[in-house]
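K.L.:
Would you mind keeping the following structure in view while I ask a few things?
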Amino acid sequence: MNLFPAVLLGGPPHAGKSVLTYTLTQALRSQQVDHYVLRACPDGEGDWSNEAAQELVRLIRVKGDYTSAFVERIARDLARRHLPLLVDVGGRPGPLDTSVFNQCTHAVLLYKEPADLDLWRELMDRHGITLLAEILSLPGPAADHYIADYGTVLRGAISGLERGTTAHGPLVGALVERLASLFAYSPDELRTAHLAAAPVETVIELDRLGQTLGLTDAQNRWSPHHLPKVLDYLPAGIPLGLYGRGPNWLYAALALHAHPAELFQFDPRLGWIAPLRLVQGEVNPAASLQAQVIDHESYTRLEFSIQATYLDYDEVIDAIVPKLLLNQGIMLSGRLPHWLWTGLVLVYWGAPWQAVYYPQLGQGIVVGSEQDALPVGALVK
């Protein structure tokens, strides 16, 4: 049995689960509470859906199919978690969800009507999941917030859970406090255990790196202009381990910086893994990983998409990606796990420059370059 809690955020569709999840994880990060978010539904959204321009979010969002294979992979990753998790689940629970629910320990329920709450209460009781909170999601602007019951199960209401916003108020504060207490594992104990298992001698702890260089803010957020200073500080071409939270473009840049030496990265579901090994060639139209090649005047853009809704690391080793001549710059784009981003920049090693598209900025961030006119950290439209 996994000792780390997995807190399910459940409720009907369009109740605001993804926005509440974003609000909670941002608050926990600001308190340096170690955890990760696992989106256990095919259209689960990362932080980008709250941080990017909402017009762009509507263009990028892709609905997926809720298949038995998808659910099995989510349940497996839940079972082998290496940190406490917030689990954002789908709004229409069915028989397939049993294996996911069985791996969760606690729940925060959002509801719009009493009947919604009755359904989810029964599900949590059936699977032995401890309730932490029951929250009424109200329509309209973010003004109506109240706590109705501060007992064992926190009860109250929140309004204005719309994408592009974060929730505030006494109920949110009380819920964050309870989650922080539940997730109160000693960061030093977690860190020591994870670092002891690292397969390389030199491990870069991204939070500490940002603090040491005076780059990140109170929530350890990075900016593209930090990249040159980071790469100047770190030795190049030696085996590295990457540990901690960071944007996809930071991981991609560090993978290129370490090349041709080995790189390992810590994934809260998988533990220490290498960047995904990929091969350039002709992509099978039925493959899980697809890419659209878009030629621009001065670079090639690759728009990657995951057809299987949930990409399994073990099943896509040696996956085929489009073959390019590497005679001009490359911009990579898509909603992808970090271990795939690092694999992609390595398979296209040798291009004059590479950039990773970052929805929060609506631009690509150069992560590797041989051209003085387009240095690492520069932005590309």
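The values are calculated or read from the model by the stated rules, or taken from the named source; none is laboratory data. Keep in mind that what you see is a predicted model, and the values were worked out from it rather than measured. We place every Cβ from the backbone using ideal geometry, glycine too, and count neighbours over all the protein chains shown.
For (1) crowded, with 20+ Cβ neighbours inside 10 Å; (2) in contact with a Pro (Cβ under 7 Å, 6 or more places away or on another chain); (3) assigned to a helix (DSSP H, G or I), each residue gets a yes or a no:
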position	(1), (2), (3)
ALA253	yes, no, yes
PHE264	yes, yes, no
ALA286	no, no, no
GLN292	no, no, no
THR300	yes, no, no
ASN327	no, no, no
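K.L.:
Can you name every residue in the range 71-116 that is touching a residue at least 40 places away in the same chain (Cβ under 8 Å), assigned to a helix (DSSP H, G or I) and within 19 Å of the chain's Cα centre (by Cα)?
P.N.:
Selection gives ARG73, ILE74, ASP77, LEU78, ALA79, VAL100.
K.L.:
Still on this model: Out of the residues in the range 167-189 that are part of a helix (DSSP H, G or I) and over 19 Å from TYR146 (Cβ atoms), which is modelled with the lowest pLDDT?
P.N.:
Per the criteria, the residue is PRO187.
K.L.:
Can you name the number of the only condition in (1) more than 24 Å from LEU9 (Cα to Cα); (2) exposed (fewer than 15 other Cβ atoms within 10 Å of the Cβ); (3) modelled with pLDDT of 95 or more that THR212 fails?
P.N.:
(3)
K.L.:
While we're here: Quick one: GLN354 ticks every box in (1) surrounded by fewer than 22 Cβ atoms within 10 Å (Cβ to Cβ); (2) at pLDDT 95 or above; (3) of a type outside the set (A, V, I, L, M); (4) closer than 23 Å to LYS229 by Cα bar one, so which box is it?
P.N.:
It fails just one condition, (1).
K.L.:
Within the range 182-202, track down each residue that is among the small types (Gly, Ala, Ser) and exposed (fewer than 11 other Cβ atoms within 10 Å of the Cβ).
P.N.:
SER186, ALA196
K.L.:
What number of residues within the range 337-379 are more than 14 Å from SER223 (Cα to Cα) and either assigned to a loop (DSSP other than H, G, I, E, B) or not assigned by TED's automatic domain parsing to the domain that holds ARG221 (or both)?
P.N.:
Qualifying residue count for the region: 12.
K.L.:
Still on this structure: Tell me which residues, restricted to the range 100-153, are among the β-branched types (Val, Ile, Thr), within 30 Å of THR67 (Cβ to Cβ) and modelled with pLDDT of 95 or more.
P.N.:
THR105, VAL108, ILE129, THR130, ILE135
K.L.:
Of everything in the range 329-351 that's of a type in the set (Ser, Thr, Tyr) and closer than 16 Å to ALA258 by Cα, which residue is surrounded by the fewest Cβ atoms within 10 Å (Cβ to Cβ)?
P.N.:
Checked the range 329-351; the qualifying residue surrounded by the fewest Cβ atoms within 10 Å (Cβ to Cβ) is TYR348.
K.L.:
A follow-up question, please. Quick check, is ILE158 surrounded by 15 or more Cβ atoms within 10 Å (Cβ to Cβ) and outside the structural domain of ILE135 (by TED's automatic domain parsing)?
P.N.:
no
K.L.:
Could you give me the residue pairs with C-beta distances under 8 Å whose first residue belongs to the range 274-303 and is farther than 19 Å from MET331 by Cβ, whose second residue is in a loop (DSSP other than H, G, I, E, B) and at pLDDT 95 or above wherever it lies, and which are 6+ apart or on separate chains?
P.N.:
Matching pairs, first to second residue: ALA274/GLU262; GLY281/LYS323; GLU282/LYS323.
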